[in-house]
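To start, the structure itself, in structure tokens.
The values are calculated or read from the model by the stated rules, or taken from the named source; none is laboratory data. Worth saying up front: this structure is predicted, and the values here are computed from it rather than measured. FYI the Cβ positions are ideal-geometry reconstructions off the backbone, even for glycines, and counts take in every protein chain you see.
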Amino acid sequence: MITSAKPTSMMFGKVFASCIVGFTQLVLVFGSALLFYNINKAQLQNPVIASIFDMPINLFIYMLVFFVLGFLIYAFLYGAIGSTASKLEDISTMVLPVTFFFIIAFMVVLFSMIGGNVNSVLMKVFSYIPFTSPMAMFTRICMSTVAWYEIFISIIILIGSTVGIGILSAKIYRVGVLLYGTPPKFTKIIR
């Protein structure tokens with residue numbers, strides 16, 4: 001298959017297929033939860049669970065947008081880094097910086113939620129950084145009032161970054177596939 005398809009097409013195909021699988025998992029989990037909630041609604045009088053299923057449609061749309069864009073940006077990064085590894089054992093150490101981005105974003109958002117300060121300066125800054133905005137901006141939207149232009153700017157930055165990282169990742173993937181078995185040099189990746 002590698003000889004008959006372009007490396008760029010392979011990269012984008014793998015990333016989009018992974019995104020569809022992740023989205024399908026979300027639909028199945030939330031769909032089954034909604035089904036069993038509706039079946040047991042009379043016996044279950046928990047307002048927290050009820051509030052999850054009474055989510056306004058705009059929050060649901062924001063959740064989908066930020067999920068898809070956040071998934072794509074990280075999938076492109078992981079795909080590019082994974083394609084440069086010459087041995088399977090090297091991948092875990094190579095993806096560590098990307099994993100740290102995700103963990104830092106998660107921890108900042110979590111501690112902001114726990115502290116009840118989702119509109120702190122740090123959260124506002126994280127709302128515009130592409131690697132952190134899927135979590136930070138969505139949390140701010142859910143837990144506070146955010147101006148429409150802030151949401152729009154965050155989404156535009158995230159879309160632009162996702163496209164840019166996707167193109168860069170496809171180039172890195174192409175070099176990684178063509179030089180399989182030998183670790184690619186930084187100069188070949190940049191070209």
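Brief remarks on what is shown
- Filter result for Ala33 (part of a helix (DSSP H, G or I), touching a residue at least 40 places away in the same chain (Cβ under 8 Å) and within 23 Å of Pro134 (Cβ to Cβ)): no
- Within the range 152-164, considering residues that are touching a residue at least 40 places away in the same chain (Cβ under 8 Å) and surrounded by fewer than 20 Cβ atoms within 10 Å (Cβ to Cβ), the one nearest to Met55 (Cα to Cα): Ile155
- Tally, over the range 72-95, of residues that are under 26 Å from Ile155 (Cα atoms) and outside any loop (DSSP other than H, G, I, E, B): 10
- Unmet criterion (only one of (1) surrounded by 10 or more Cβ atoms within 10 Å (Cβ to Cβ); (2) under 30 Å from Val175 (Cβ atoms); (3) of a type in the set (Gly, Ala, Ser)) for Ser4: (1)
- Checking each residue in the range 133-151 for being over 30 Å from Met10 (Cβ atoms) and buried (at least 17 other Cβ atoms within 10 Å of the Cβ) picks out Ala136, Met137, Phe138, Thr139, Arg140, Ile141, Val146, Ile151.
- Of all the criteria given as (1) out of contact with any helix residue (DSSP H, G or I) (no Cβ under 9 Å at 6 or more places or on another chain); (2) at pLDDT below 95; (3) of a type outside the set (A, V, I, L, M), the one not satisfied by Phe101 is (1).
- Screening Ala105 with (1) surrounded by fewer than 14 Cβ atoms within 10 Å (Cβ to Cβ); (2) small (Gly, Ala, Ser); (3) within 21 Å of Tyr74 (Cβ to Cβ) gives one miss only, at (1).
- Test result for Gly160, at pLDDT below 95 and not basic (Lys, Arg): no
A quick yes/no check of all residues on (1) within 20 Å of Ile61 (Cβ to Cβ); (2) out of contact with any Leu (no Cβ under 7 Å at 6 or more places or on another chain):
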{"residue": "Val118", "(1), (2)": "yes, yes"}
{"residue": "Val121", "(1), (2)": "no, yes"}
{"residue": "Ser127", "(1), (2)": "yes, yes"}
{"residue": "Thr132", "(1), (2)": "no, yes"}
{"residue": "Phe138", "(1), (2)": "yes, yes"}
{"residue": "Thr145", "(1), (2)": "yes, yes"}
{"residue": "Trp148", "(1), (2)": "yes, yes"}
{"residue": "Ile156", "(1), (2)": "yes, yes"}
{"residue": "Thr162", "(1), (2)": "yes, no"}
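- Number of the condition not met by Val118 [criteria: (1) of a type outside the set (Ser, Thr, Tyr); (2) over 18 Å from Cys19 (Cα atoms); (3) in a helix (DSSP H, G or I)]: (3)
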